[in-house]
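One structure is given below, encoded as C-alpha cells.
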Amino acid sequence: MKKILVVVLVLLSVVAFSKTTITFWHAMSGSNLTAVDNVVKGFNESQNEIEVVAQFTGSYAETLTKAIAAYRTGTHPHIVQVYEVGLQTMLDSGAILPVYQLAEPGFDWGDVVTPILNYYSVNDQLYSMPFNSSTAILYYNKDIFAAAGLDPNKPPSTFDELYEMGKKIVQSGASQGGISFGWPAWVFEQMHATHAQFYANNENGREAKASQVLFNGEFGQKVFIEWMKWAQDKVFVYGGREYSANTAFLTGQVAMLIQSTSSVGSIQKTASFNVGTSFLPRMEGYPRGNSVIGGATIWVLKGKSEAENKAVWEFLKYIIRPEVSLQWHKSTGYFPSSNTTVKLLMDEGWFASQPNHLTAFLQILSGSNIPEAQGVRLGNFVAIRDVVDSAVEKAVQYKGKDYEKEAKRILDDAAKECNNILREYIQLYGD
C-alpha cells in the first residue's frame with residue numbers, strides 16, 4: 001500500500017512539474033489587481049497543463065519600459081500588458097509576436113468590439129489581445145447640481161453649458177470648483193477625436209509614421225483657450241496627471257470629472273452622493289467624431305518555445321471568453337471585449353440596473369468610425385504625452401487675459417518639442 005501511495009505521489013509531482021508556466025507582467029493596482037488575480041486564478045483552475053504567473057510591474061510606463069529592456073537581455077515575460085500609447089513602440093520593438101499569428105484558422109476576430117479592433121489592428125490584422133480597453137466620459141455629482149439649482153438629470157453637453165453650469169455651481173457655494181480632469185493630455189487627445197480633428201499628420205500616424213503633431217493648430221488653441229478661461233474662473237481645477245483628480249470629485253471639491261471608464265466601479269462604490277455619467281461635452285461648429293480607446297491590451301513577446309506560445313494562446317482565448325470578459329467588466333468598469341459579452345450583459349439586465357456602465361458604450365458606439373477618431377500612433381508617445389501634460393499645466397496656471405496669444409505660444413512650444421521627439425524616433429526606426 002505504501003509503495004502504491006509513493007508511486008501516486010511521484011506521478012502527481014511529475015504532472016505538476018510538467019505544467020507549462022507562463023509569466024504575465026501587468027500594471028493593474030488596487031482593486032484592479034484583485035480582478036487580474038481572479039482572472040488568472042480562474043484560468044489556472046480551469047485546466048491542469050498551464051500555470052499563469054501574474055506579476056505587478058509598476059505603472060503603465062514602467063511596465064512598458066521594463067518589458068522592452070527585459071526582451072533585450074532575454075529575461076522577458078511571455079506576455080505583457082501595454083497601454084494604448086505604447087502601440088507604435090511595440091510595433092517597432094522587434095519584440096512582439098502578433099496575436100493573429102497565434103490564432104487557429106477561423107478564429108472569430110469579428111466578435112471583438114469594433115473600436116477596439118480598429119485601434120490595435122495593422123492592415124486589418126489584430127496585433128494584441130483586447131483586455132482592459134476604456135474611454136473617457138463625464139462624471140457628475142447630482143447632489144451638487146441640485147444644491148446649485150441645476151437639474152441633476154441634465155448634465156452639460158457642450159463647452160458653453162459646462163462653463164455656465166460650472167460658474168453657477170461655484171457662485172452658489174455648492175462646490176469650490178466645477179470640473180477636474182484625469183489624464184489631461186489624454187483628454188486633449190479625446191477632444192480632437194470627438195470633434196473629428198487629426199492630432200498628428202499621416203492620419204494620426206496610421207498611414208505612415210507621424211512626423212509632425214497638429215495639436216497646435218486652430219482647434220487645439222480653441223480648446224486651450226476654453227480651459228484657461230475655465231481655470232481663471234475656478235470652473236476648472238487641475239487635478240494631476242492620472243487618477244488623483246478622482247479625489248477632488250469624491251470629496252466634493254469639484255462637481256464634475258472627466259475620467260476613464262475604468263473608474264466607474266470605484267467611484268460608485270466610494271461616492272457618498274448620487275453619481276451621474278454622460279458623454280464628453282463638445283464645442284459647437286465641428287463635425288462629430290468619436291471618443292477614442294484608452295486602457296491597455298496584452299502583447300505576446302517573441303523568443304519562447306512553440307509549446308509556450310501555444311499555452312499563451314490558450315490563456316488569451318480564455319480572457320476573451322464572454323463569461324470571463326463579463327466578470328472583468330463588472331469588476332473593473334473596463335469595456336467587455338466582445339459583442340457577445342455586450343449582449344450577455346444586456347440580456348441579464350446589467351446595463352439597465354447600472355446605467356453608468358452603459359454610458360461609455362453608447363458614446364463610443366454612436367460616434368463616427370472615421371480615421372480622425374480611430375486613435376493616434378506616435379513614436380515615443382509616452383514622452384509626447386508628458387510634454388502635452390506639461391503644456392496643460394502651464395495653460396491652467398496662466399493668470400493673464402490674453403488667452404489666444406498664450407495658448408498659441410504654449411502649444412507651439414510643445415509641438416516643437418514633440419516634433420523633435422518624432423524626428424529622433426524616425427531616425428532610429430525609419431519611416
Check: Are there any helices (runs of 4 or more DSSP H) wholly within region 274-349 with 2 or more residues that are among the hydroxyl-bearing types (Ser, Thr, Tyr), and if so which?
Finding: 322-332, 339-347
Checklist line | So Asp412, is it open to solvent by 10 Å² or more (accessible area, probe 1.4 Å) and under 30 Å from Tyr120 (Cβ atoms) | finding: no
Notebook entry, point to check: Just checking, which of Gln176, Gln171, Gln190 is within 24 Å of Glu284 (Cα to Cα) and either open to solvent by less than 10 Å² (accessible area, probe 1.4 Å) or among the polar types (S, T, N, Q) (or both)?
Noted result: Gln190
Margin query: Please go through region 142-166 and give me each residue that is under 22 Å from Thr247 (Cα atoms), more than 30 Å from the chain's Cα centre (by Cα) and either of a type in the set (D, E, K, R) or open to solvent by 70 Å² or more (accessible area, probe 1.4 Å) (or both), ordered by number.
Written below: Ala147
Item checked: Residue check, Ala54 of a type in the set (A, V, I, L, M, F, W, C), at pLDDT below 95, open to solvent by 30 Å² or more (accessible area, probe 1.4 Å) and assigned by TED's automatic domain parsing to the domain that holds Leu117 -> no
Notebook entry, point to check: Of the residues Glu406, Glu372, which single one is open to solvent by 40 Å² or more (accessible area, probe 1.4 Å) and touching a residue at least 24 places away in the same chain (Cβ under 8 Å)?
Noted result: Glu372
Notebook entry, point to check: Among Arg385, Arg377, which is the only one that is surrounded by 15 or more Cβ atoms within 10 Å (Cβ to Cβ) and assigned to a loop (DSSP other than H, G, I, E, B)?
Noted result: Arg377
Margin query: What's the total number of residues in region 372-431 that are under 20 Å from Ser93 (Cβ atoms) and of a type in the set (D, E, K, R)?
Written below: 6
Notebook entry, point to check: Do we find a residue being in contact with a Pro (Cβ under 7 Å, 6 or more places away or on another chain) and surrounded by fewer than 21 Cβ atoms within 10 Å (Cβ to Cβ) anywhere in region 215-228?
Noted result: no
Item checked: Residues located in region 233-256, provided they are more than 24 Å from the chain's Cα centre (by Cα) and open to solvent by less than 50 Å² (accessible area, probe 1.4 Å) -> Val235, Gly252
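The values are calculated or read from the model by the stated rules, or taken from the named source; none is laboratory data. Keep in mind that this is a model prediction, so the values were computed, not measured. For neighbour counting, all protein chains shown are included, and Cβ atoms are generated from backbone atoms with ideal geometry for every residue, glycine included. Side chains are part of the model used for accessible areas, which takes the heavy atoms of the whole protein and leaves out ligands, DNA and RNA. Shrake-Rupley method; radii C 1.70, N 1.55, O 1.52, S 1.80 Å.
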